[in-house]
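What follows is one structure encoded as structure tokens, with my remarks underneath.
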Amino acid sequence: MSWIVAGRCFRTILNRICHVLEHLPVSLLKVRLLTYCYGEIYDEELIQEAHCIINSWDKSSLTLDQIEIMKELKNIEENPYPWEEFTDDFK
């Protein structure tokens, strides 16, 4: 598969997810989709909605899945663009 075709498929998937997000109730699934989409397009509205949902969770009874997505979100926030290549301009 060429990079162009892969890019189109990827964009199609993101577009579908965005349409689905509008209709999903507040849930772990919604936080997962918001987090993964944010990790791809870095849209601040996505991250804000994810944090609103997470902030509504009872912190004394978090599930392992909730803890995992919270860690994933924190990782994406602290390490944006982890696969971006940097050139050595200091030579």
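Numbers for the structure displayed
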| quantity | calculated |
| --- | --- |
| Failed item in (1) in contact with a Lys or Arg (Cβ under 6 Å, 6 or more places away or on another chain); (2) modelled with pLDDT under 85, with Ile69 passing the rest | (2) |
| Selection within the stretch 34-49 - of a type in the set (D, E, K, R) and modelled with pLDDT of 90 or more | Glu44, Glu45, Glu49 |
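The values are calculated or read from the model by the stated rules, or taken from the named source; none is laboratory data. Remember, predicted model here, so these are calculated numbers, not experimental data. Please note: Cβ atoms are built from the backbone with ideal geometry, for glycine as well, and neighbour counts cover all protein chains shown.
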